[in-house]
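Below you'll find the structure, written out as structure tokens, and then a few comments.
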Amino acid sequence: QVQLVESGGGLVQPGGSLRLSCTASRGTLDDLTIGWFRQAPGKEREGFGCVSSSDGSTIYTNAVRGRFTISRKYGENTVYLQMNNLKPEDTAVYYCAAGPPLGLSFRSNFYRSWGQGTQVTVSS
């Protein structure tokens, strides 16, 4: 079973940018679907994007489309989340998760391995 870890979170002003990384501390994620989730204070966990293992194709929710970009380079064992034009409502704990290479999904139960989460705070 793969073990994941997120990094790159922090404090940023509205309109700023941040890049998160998702790496495998054990095993490899290059042959897995990788999803991104976030949980804001007092709210349920929300899936907002994912990237396939086969061709790197991605899907996003309307809340982040045009601002967030997920990418991967096969062989580097890392998936990146580039976040631009950040808004206060983006403040949350961000998680990456690994699932089988069977398409793309925002459903939590599709994923079997999860990182520990990294805090992103957008505030002036």
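Structural remarks
- Check on Tyr74, open to solvent by less than 50 Å² (accessible area, probe 1.4 Å) and either modelled with pLDDT under 95 or aromatic (Phe, Trp, Tyr) (or both): no
- Long-range neighbours under 7 Å by Cβ, at least six apart or interchain, first residue on the phi > 0 side of the Ramachandran plot within the stretch 109-123, second in a strand (DSSP E or B): Gly117/Glu6; Gly117/Val93; Gly117/Tyr94; Gly117/Tyr95
- Hey, Arg65 within 26 Å of Ser123 (Cβ to Cβ), open to solvent by 30 Å² or more (accessible area, probe 1.4 Å), over 11 Å from the mean Cα position of the chain (by Cα) and modelled with pLDDT of 95 or more or not: yes
- Just so you know, in the stretch 32-56 the residues that are at pLDDT below 95 and under 18 Å from Ile70 (Cβ atoms) include one that is surrounded by the fewest Cβ atoms within 10 Å (Cβ to Cβ), and it is Asp55.
- Among residues of the stretch 18-31 being among the small types (Gly, Ala, Ser) and open to solvent by less than 60 Å² (accessible area, probe 1.4 Å), the one that is farthest from Thr121 (Cα to Cα) is Gly27.
- Selection from the stretch 20-29 of residues that are of a type outside the set (A, V, I, L, M), more than 13 Å from Glu76 (Cβ to Cβ) and in a strand (DSSP E or B): Ser25, Arg26
- Take the conditions (1) open to solvent by 30 Å² or more (accessible area, probe 1.4 Å); (2) among the small types (Gly, Ala, Ser); (3) at pLDDT 95 or above; Ala92 misses just one of them, which is (1).
The values are calculated or read from the model by the stated rules, or taken from the named source; none is laboratory data. Source: prediction; values computed, not measured. Virtual Cβ from ideal backbone geometry, glycine too; neighbours counted across all protein chains shown. Just the protein is used for accessible areas: all its heavy atoms, side chains included, with ligands, DNA and RNA removed. Shrake-Rupley method; radii C 1.70, N 1.55, O 1.52, S 1.80 Å.
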